[in-house]
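Enquirer: Submitted below is the structure of interest, expressed as structure tokens.
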Amino acid sequence: MTQFTDACALVRPIDSAGAGAAADARSDRLTKPRGSLGRLETLGTQLAAIARTCPPPVPEHVAVCVFAGDHGVLAQGVSPWPREVTAQMVANFRAGGAAVTVLARQTGAEVVVVDVGVATPIPEPGPQAVSAPGPRHSSDAIAPAPQMLLRRNVRRGTADLATGPAMTREEAYAALDVGAGVAADALAAGAQMLVTGEMGIGNTTPAAALIAALTGAPADDVTGRGTGIDDAMLSHKTEVVRAAVARLATGAGSVADPVTVLAEVGGLEIAALAGLIVGGAAAGVPVLLDGVIAASAALVACALVPDVRGYLIAGHLSAEPGATIALRHLGLEPLLDLGMRLGEGSGATLAIPLVQAAARILREMATFEDADVTEV
């Protein structure tokens, strides 16, 4: 048995009928018109059902888990960025200079960086490294304090999914196990919520292929511009996704076998994210999803363990078209819609305070009886 298979066996449905119903009842007694806090109320109910208690704990300790991996499909010309940027960005995460690390400092979250499939050497963080949490309102120079890098490399990038399987089933399971292990370690260190993050040049192509394969949506509807490609490259990228999904339909892959689909057209960081998601659900904590890459991983996780769905919160709506289709398939409504498509965990990290607020409302807001306020 591995940490991933162990985690799969531990996932159970959230307690909607018990703690969730109690949260609904408590919310209706709080000093406000019923339903006036909108999504915060339904989110609070979900948090109570996840925690199996009302009111739920406020997830103060949050781990943003950023998995990095490279993609052989980059050889098909689906992105103008070279694969070396993946390793360079890992160094940037460690130095604290990436968007997600800045936003994590803003929200007080911890960032965990994991090499699960980077193909090129990772540079050491430079002297500009930013300490965490670091000053939030100062431009003063501060001492270097690189964040820890977990080296869990399964292989140095995937193979080209346009010409054959991106990885073997064994490698897919190994990456799933990496994610479940990172979840277990973060939770053992005190994390009360996990946030999905990733880095991998070219990874919107495998994400689109996974979303098409697992939802049945056409390649044209799920394939987006990623880092901002032009119309010609987008057309070519769409054809690559279409051909890969067609190969699944005629080959060994089947939507009834999510691991084979993952191995055929997925990515190592996507597999690790799926493992992280299952690991979080197994431990009974909320998992806050980022953008289209996270959504594709969530589809894999829910195909493998359907009860995972109740633990998922969509942090934001990515501008990538596949994200809308994946979230609709999962039945998730994003908390934010800011037109973002960066990845890294950036959009989900911005949503952390909303999740914390939903729990705090149930814990700290007075009822009509407590406050001696007349209820209409």
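The values are calculated or read from the model by the stated rules, or taken from the named source; none is laboratory data. Quick caveat: nothing in here was measured; it's all calculated off a predicted structure. Quick reminder, even Gly has a Cβ in these numbers, built from the backbone with ideal geometry, and neighbours come from all protein chains shown.
Enquirer: Of the conditions (1) over 22 Å from GLY117 (Cβ atoms); (2) in contact (Cβ under 8 Å) with a residue 24 or more places away in the chain, GLY35 satisfies every one except a single condition; which number is it?
Expert: Result: GLY35 passes all but (2).
Enquirer: Hey, another quick one. For PRO59, are the conditions met, namely being assigned to a loop (DSSP other than H, G, I, E, B), at pLDDT 95 or above and in contact with a strand residue (DSSP E or B) (Cβ under 8 Å, 6 or more places away or on another chain)? Don't jump to the end; show me each part of the working.
Expert: Details: assigned to a loop (DSSP other than H, G, I, E, B): yes; at pLDDT 95 or above: yes; in contact with a strand residue (DSSP E or B) (Cβ under 8 Å, 6 or more places away or on another chain): yes.
When the stated conditions are applied, PRO59 passes them.
Enquirer: Also: Considering only region 63-71, I want to know if a residue exists there that is modelled with pLDDT of 95 or more, assigned to a helix (DSSP H, G or I) and either within 26 Å of VAL245 (Cβ to Cβ) or in contact with a strand residue (DSSP E or B) (Cβ under 9 Å, 6 or more places away or on another chain) (or both). Spell out the reasoning first.
Expert: Looking only at region 63-71, we keep the residues that are modelled with pLDDT of 95 or more, and these are 63-71.
In the following step, the residues that additionally are assigned to a helix (DSSP H, G or I) were identified as none.
No, every residue in region 63-71 fails to be modelled with pLDDT of 95 or more, assigned to a helix (DSSP H, G or I) and either within 26 Å of VAL245 (Cβ to Cβ) or in contact with a strand residue (DSSP E or B) (Cβ under 9 Å, 6 or more places away or on another chain) (or both).
Enquirer: Could I ask something else about it? Out of ALA63, ALA98, I need the residue that is closer than 16 Å to PRO125 by Cα and either touching a residue at least 40 places away in the same chain (Cβ under 8 Å) or touching a Pro at 6+ places or on another chain (Cβ under 8 Å) (or both). Which one?
Expert: Working: ALA63 fails: closer than 16 Å to PRO125 by Cα.
Unique residue meeting the criteria: ALA98.
Enquirer: Just for helices (runs of 4 or more DSSP H) wholly inside region 277-376: which have at least 2 residues that are over 13 Å from the mean Cα position of the chain (by Cα) and of a type in the set (D, E, K, R)?
Expert: Values: elements: 292-304, 321-330, 346-350, 352-364, 368-371.
By residue number, 352-364, 368-371.
Enquirer: May I pose another question? Here is a list of conditions, (1) within 23 Å of THR324 (Cβ to Cβ); (2) assigned to a helix (DSSP H, G or I); (3) in contact with a strand residue (DSSP E or B) (Cβ under 7 Å, 6 or more places away or on another chain); (4) not small (Gly, Ala, Ser), and VAL261 meets all of them except one; can you say which number that is?
Expert: Status for VAL261: all satisfied but (3).
Enquirer: Among the listed residues LEU210, LEU194, LEU187, LEU150, identify the single one that is within 19 Å of the chain's Cα centre (by Cα) and free of Cβ contacts under 8 Å to residues at least 40 places away in the same chain.
Expert: Details: LEU210 fails: free of Cβ contacts under 8 Å to residues at least 40 places away in the same chain; LEU194 fails: free of Cβ contacts under 8 Å to residues at least 40 places away in the same chain; LEU187 fails: free of Cβ contacts under 8 Å to residues at least 40 places away in the same chain.
Unique residue meeting the criteria: LEU150.
Enquirer: Follow-up. Filter region 283-334 for residues that are over 20 Å from ALA175 (Cα atoms) and of a type in the set (Ser, Thr, Tyr); which is surrounded by the most Cβ atoms within 10 Å (Cβ to Cβ)?
Expert: SER318
Enquirer: Considering only residues that are assigned to a helix (DSSP H, G or I) and not hydrophobic (A, V, I, L, M, F, W, C), which ones fall in region 170-207?
Expert: Keep residues of region 170-207 that are assigned to a helix (DSSP H, G or I), which gives 170-188, 204-207.
GLU170, GLU171, TYR173, ASP177, GLY179, GLY181, ASP185, THR204, THR205, PRO206, listed by residue number.
Enquirer: Of everything in region 61-80, what is of a type outside the set (A, V, I, L, M, F, W, C) and touching a helix residue (DSSP H, G or I) at 6+ places or on another chain (Cβ under 7 Å)? Give them in sequence order. Spell out how you get there, then give the answer.
Expert: Step one: list which residues in region 61-80 are of a type outside the set (A, V, I, L, M, F, W, C), which gives 61, 69-72, 76-77, 79-80.
Hits for region 61-80 are GLY69, ASP70, HIS71, GLN76, GLY77.
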